[in-house]
Amino acid sequence: MDQVNGSVVTEFVLLGLAQSLGMQSFLFLFFTLFYVGIILGNLFIVFTVVFDSHLHFPMYILLANLSLIDLGLSSTTVPRMISDLFSDCKIISFRNCMVQMFFIHVMGGVEMVLLIAMAYDRYTAICKPLHYLTIMSPQMCVLLIVAAWTIGMIHAVFQFVFVINLPFCGPNNVGSFYCDFPRVIKLACMDTYRLEFVVIANSGFISMGTFFFLIISYIFILVTVRKHSSKDLSKAFFTLSAHITVVVLFFIPCMFLYVWPFPTKSLDTFFSIVDFVVTPVLNPAIYTLRNRDMKVAMRRLSGKVISSR
Ligand SMILES: *[C@@H]1O[C@H](CO)[C@@H](O)[C@H](O)[C@H]1NC(C)=O
């Protein structure tokens, strides 16, 4: 990635999250603990699903893929955020800034499609139980995962090609603790009004649309269940509430970050932390603690590990 014609900026300055040593130490502990939790929790889900043949069902295969993406998404920002906490000049090279933006959007895009795939999986299981195994075949799972990665890549590349060619010549303070399209575009020395719209449309409207689509789908599933029996409703509600929680946690920050036209620094920081630090650690917790099969499988797995010693 070479410098673009006429641009003089070779590095960007990131925002510090805390000034005082006390606050820095607190955030250091907080983020480190969460990041370790993200790594262990998500890898644990992946291993449980991969090594337990009782869990070789579409729902768990998609869940394991979601865990990997969660791990990837938080790895785009959290390690750098932790190492930047105590450093005085938080400088990121032009190239690393571009790479960071690119991967945030690849991972974010894949996660978005995976959440749709998981909703579709639940829809088939609950509303078309007799056809579940023929519709959600292994081929279908592979297709959904390939589609998720393809859409994630297209989504990221589409914004990236615009930004990589922008001239950067003036101020280089990103005003955030990581690089992302809306903030970096504002630093270009040209009128970026149209480009900002491209980003709002590509990231903001898409996450907004997906969010409402998913919420409506889950309501539709619940209404369908209710028509049949009220006993099933409470069981379905139990499963689906985990999915709905994850959807809300992931999309509300996205919508604020990309659609909200007047971001304040503190709100911006808060929502980014929710998306990169809190959601990835909550996902494993939400799905496993609320899911009986998952808990049983984990017990089996830890039993195996202990007895093999
Ligand atoms: C992700 O999905 C693919 C396709 O269904 C599957 O083969 C793979 O095992 C999944 N990944 C994990 C970590 O379970």
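The values are calculated or read from the model by the stated rules, or taken from the named source; none is laboratory data. Since the structure is predicted, the reported quantities are computational estimates derived from the model, not experimental observations. Note that each Cβ is placed from the backbone with ideal geometry, even for glycine, and that neighbours are counted across all protein chains shown. Note: areas computed on protein heavy atoms with side chains; ligands, DNA, RNA excluded. Shrake-Rupley method; radii C 1.70, N 1.55, O 1.52, S 1.80 Å.
Using amide H atoms built in the peptide plane, which far-off residues or other-chain residues are under 5 Å from GLU11 H to H?
Placed amide hydrogens put PHE94 under 5 Å from GLU11.
So who's got an amide H within less than 5 Å of the one on PHE57, skipping anything under 5 residues away but keeping other chains? H placed 1.01 Å off N, in plane.
The list, which skips near neighbours in sequence, is empty: none.
Run the helix sum for the chain: -39,500 (n - 2.57) per DSSP H stretch of 4+ residues, divided by residue count, reported at 222 nm to the nearest 500 deg cm²/dmol. Don't skip to the answer; put the middle values down first.
On the way: 13 runs with 222 residues, N = 309.
Helices in the chain give a 222 nm mean residue ellipticity of -24000 deg cm²/dmol.
Count the lysine pairs in the chain whose Cα atoms sit under 27 Å apart, keeping only pairs 8 or more residues apart in sequence or on different chains.
11
Would you list TRP260, TRP149 from the most to the least accessible area, probe 1.4 Å? If you can, show how the numbers build up before the last one.
Working: TRP260 120, TRP149 100 Å².
The ordering from most to least exposed comes out as TRP260, TRP149.
Name the helices (complete DSSP H segments) of the chain with a Cα length along the long axis of 24 Å or more and a Kyte-Doolittle mean of at least -0.5, or state none. Please report the intermediate quantities before stating the final value.
Numbers: long enough: 21-51 (44 Å, 2.12); 58-75 (26 Å, 1.27); 94-127 (49 Å, 1.06); 138-164 (38 Å, 1.96); 206-228 (33 Å, 1.53); 230-259 (40 Å, 1.39).
The qualifying helices are 21-51, 58-75, 94-127, 138-164, 206-228, 230-259.
How long, wide and thick is the stretch 178-223, going by the Cα atoms along their three principal axes, in whole angstroms, largest first?
Taking the Cα atoms of the stretch 178-223, the three principal extents are 52, 23, 7 Å.
Karplus couplings for the stretch 176-191 from phi (6.51 cos²θ - 1.76 cosθ + 1.60, θ = phi - 60°), rounded to Hz, Gly and Pro as x?
7, 8, 8, 8, 8, 3, x, 6, 5, 4, 4, 8, 5, 8, 6, 6
In the neighborhood of LEU214, defined by Cβ-to-Cβ distances under 13 Å, what is the net charge if each Lys or Arg adds +1 and each Asp or Glu adds -1?
After counting each charged neighbour, the total is -1.
Roughly to the nearest percent, how much of the accessible area of the chain is carbon and sulfur, given a 1.4 Å probe?
Details: 11030 of 15500 Å².
Of all accessible area on the chain, carbon and sulfur atoms account for 71 percent.
Using the 4.7 Å Cβ rule, please list in number order the cysteines from the chain without any candidate partner.
Lacking a cysteine Cβ partner under 4.7 Å: CYS89, CYS127, CYS141, CYS254.
Kindly rank 156-167, 90-101 from highest to lowest mean number of other beta carbons found within 10 Å of each residue. Display every interim value, and only then the final one.
Numbers: 156-167: 16.2, 90-101: 17.9.
Most protected by this proxy first, the peptides run 90-101, 156-167.
Which distance in nm do the two modelled labels at SER266 and GLN24 give, with both placed 7 Å along the Cα-to-Cβ direction?
2.2 nm
Rounded to a whole number, what is D in µm²/s for the chain from Stokes-Einstein with the Kirkwood radius over alpha-carbon pairs (4 °C, 1.567 mPa s)?
Numbers: Rh = 20.9 Å.
Once the numbers are plugged in, D ends up at 62 µm²/s.
Residue separation times 0.36 nm, minus the C-alpha to C-alpha distance between PHE51 and HIS131: what's the value?
On the way: separation 80, 0.36 × 80 = 28.80 nm, distance 2.64 nm.
Going from the current span to full extension adds 26.2 nm.
Taking 8 Å as the Cα distance limit and 6 or more residues as the minimum spacing, I'd like the relative contact order of the stretch 210-271 as a percentage.
Normalised by residue count, the contact order of the stretch 210-271 is 29 percent.
Can you compute the charge dipole magnitude of the chain about its Cα centre, using +1 on each Lys and Arg Cβ and -1 on each Asp and Glu Cβ, nothing else charged? Give it in debye, rounded to the nearest 20. Could the numbers behind the result be given before it?
Values: 20 positive and 15 negative charges, 249 e Å.
The calculated dipole for the chain is roughly 1200 debye.
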